[in-house]
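So the structure is just underneath, and the comments pick up after that.
The values are calculated or read from the model by the stated rules, or taken from the named source; none is laboratory data. Computed from a predicted model, the values in this text were never measured in an experiment. Backbone-built Cβ (ideal geometry, glycine too); neighbour counts: all protein chains shown.
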């Protein structure tokens, strides 16, 4: 059952990811990326990371992709495909390069030892719960957590400064 | 090939393969597209492939630390997208295009 679900979700992920990079219209690209993120949420549930699955749907599919869609619609980019001219040769070279990267990655990972660790006192069903993750986040990782809030603040300020029409007037 | 087939029954190895494939699709997307938005989305795809790998290893080792790292990657990705799209809007305002080839003013 899990194997079947994994295969279905993987096919959805890979096909939607291929749609993201090969579809001409940017809107369809964004929508296929949303499909990819939903299938990733399904993978997270299969991997017993329930909270991350919810966060994936809310943050990625909800917030980040809406930002992308807003920018595409704001800039009215639906008809910019005529600008995009790559020769067939360079596309083929890119695909071959990516395929070679894939082959070397798989060849590298093929011999890896993947034995699960079982005995560390945590039952495998409750790693991904809010309780367990919150405990780890606010004890071991409390300093990176606070620093990431500073990162967010600077990102907000940077986005506002960049998005202003002209800074000279103020 | 014969030594390769038994590994396909290992569920952790399947996730390794899946994330490698998705990462390479992201790399190909960065190379072949000229639209900056699509390039951003390919970068998101690569980040998500790495997230999937981290969750896989977290599940394999029964350790929640991997999932906390996924949180931090999501935070950094969100900040990156915010600033990147703001830069993109400004580039579009100044040059009237989102083609990556218009940004070659630094070329000597």
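This table checks each residue for (1) part of a helix (DSSP H, G or I); (2) over 20 Å from residue B:88 (Cα atoms); (3) in contact with a helix residue (DSSP H, G or I) (Cβ under 8 Å, 6 or more places away or on another chain).
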residue: A:6; (1), (2), (3): yes, yes, yes
residue: A:10; (1), (2), (3): yes, yes, yes
residue: A:18; (1), (2), (3): yes, yes, yes
residue: A:31; (1), (2), (3): yes, no, no
residue: A:34; (1), (2), (3): yes, yes, yes
residue: A:60; (1), (2), (3): yes, no, yes
residue: A:70; (1), (2), (3): yes, no, no
residue: A:77; (1), (2), (3): no, no, yes
What's the number of the condition residue A:89 fails, among (1) more than 10 Å from every other protein chain (Cβ to nearest Cβ); (2) at pLDDT below 90; (3) surrounded by 15 or more Cβ atoms within 10 Å (Cβ to Cβ)?
(3)
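Condition check ((1) more than 7 Å from chain B (Cβ to nearest Cβ); (2) at positive phi; (3) crowded, with 19+ Cβ neighbours inside 10 Å; (4) in contact (Cβ under 8 Å) with a residue 60 or more places away in the chain) across all residues:
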residue	(1), (2), (3), (4)
A:4	yes, no, no, no
A:17	no, no, yes, no
A:56	yes, no, yes, no
A:59	no, no, no, no
A:62	yes, no, no, no
A:68	no, no, yes, no
Per the filter on region A:42-54, residues surrounded by fewer than 22 Cβ atoms within 10 Å (Cβ to Cβ) and in a helix (DSSP H, G or I) are A:42, A:45, A:46, A:50, A:51, A:53, A:54
